[in-house]
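Structure provided below as C-alpha cells; questions to follow.
Read-outs: derived from the displayed coordinates by stated rules, not from any lab. As the structure is a prediction and not an experimental result, all values here were calculated from the model. Counting neighbours? That spans all protein chains shown, and the Cβs are built from the backbone with ideal geometry, glycine included.
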Amino acid sequence: MNEKDLADRSFPQALADVARVDFYDDHYLVVDEDGDEDHRYDFEPDTDFKPAEWTTRLFRDWTGNAEADGGAYLVFGQDGAGGRAMIWRARPGRPLADQPIVFLGSEGECGVVAGSLSDFLWVLADGYGPREAALATDPGSHPYEPLVRLAEGHATTPRRTAKEIVLEVRAEFPSFRADINALCR
C-alpha cells in the first residue's frame, strides 16, 4: 500500500446510510420454524472508521503478534460478540469503494465477505451481516426490502445473491484466512 492509499480514510456515504439502520429494531426480527424470535442480522455499524492506532491494537491483540500491522484495514462495525467488519485495502491504487470487505471474529473466525462496498450492500440486502456472510457454508437468499432499497440507491454493481458474492470473493482471495492465521503467534 502506498502512502496515498493509506491516507484515504473518508467514510463512504453508503456506510453512513447503513449506520442509520437499527439492526436490532423489531423490524429485523425473524421467527424460526420452532417459533423462536431472533434478530435477522448480528451487526452494529459504526458512523466512522475506528482510528488507525485502534485498528493496529486490534490486530496485535487478535493475532497475539506485537509486529502485526492493521494499516490496510478500516473497521466500520462489529457483531454482538465483538467481531469486526472492515474494509481491507487489498487493491493498491483503487478507491475504498472498490476494496473487499472482511470479518475478524472474536473467537478467531475470519473470512472475506464481499469484493466491494457495493457487493457488501447486496449481501446485507440478501439477509446477511458480515459475520454470517464470512462464515456461511451455503448461504440462502433472504432479501429484506428496506436494505434492498438502500443497496439500489448506492450500489454500482449488479444485484446478486449473497451466495454469488461470497463465492466470487472467496475465489479471488482464497488465502485470506490462511494469511491472517499466519500472523498469529
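Give me the angle, in degrees from 0 to 90, between the Cα long axis of helix 162-172 and the longest principal axis of the Cα atoms of the chain, rounded to the nearest 10.
Compared with the principal axis, the helix lies near 20 degrees.
On to the next question. Taking other Cβ within 10 Å of each residue's Cβ, how do T137, T161 sort, fewest first?
T137, T161
Given +1 on the Cβ of Lys and Arg, -1 on the Cβ of Asp and Glu, and no further charges, what dipole in debye does the chain carry about its Cα centre, rounded to the nearest 20? Walk me through the intermediate numbers first.
Numbers: 19 positive and 35 negative charges, 207 e Å.
For the chain, the charge dipole is close to 1000 debye.
Which of rounded, prolate or oblate describes segment 99-141 when judged by the alpha-carbon gyration tensor and an a/c cut-off of 1.5?
Oblate, because a/c is 1.5 or more while a/b does not exceed b/c.
Answer with one residue from L124, F76, L135: the one whose Cα lies farthest towards the positive end of the charge dipole of the chain, charges on Cβ with Lys, Arg +1 and Asp, Glu -1.
Going by the charge dipole, the pick is F76.
If I model a spin label at D17 and L167 as a point 7 Å from the Cα along the Cα→Cβ vector, what separation in nanometres do I get?
The modelled label-to-label distance comes out at 2.8 nm.
Let me ask another. N65 versus S10, label points 7 Å from Cα toward the beta carbon: distance in nm?
Between N65 and S10, the label points sit 3.2 nm apart.
For the chain, how big is Rg over Rh, using alpha carbon atoms and the Kirkwood form of Rh?
With Rh from the inverse mean 1/r over Cα pairs, Rg/Rh is 0.95.
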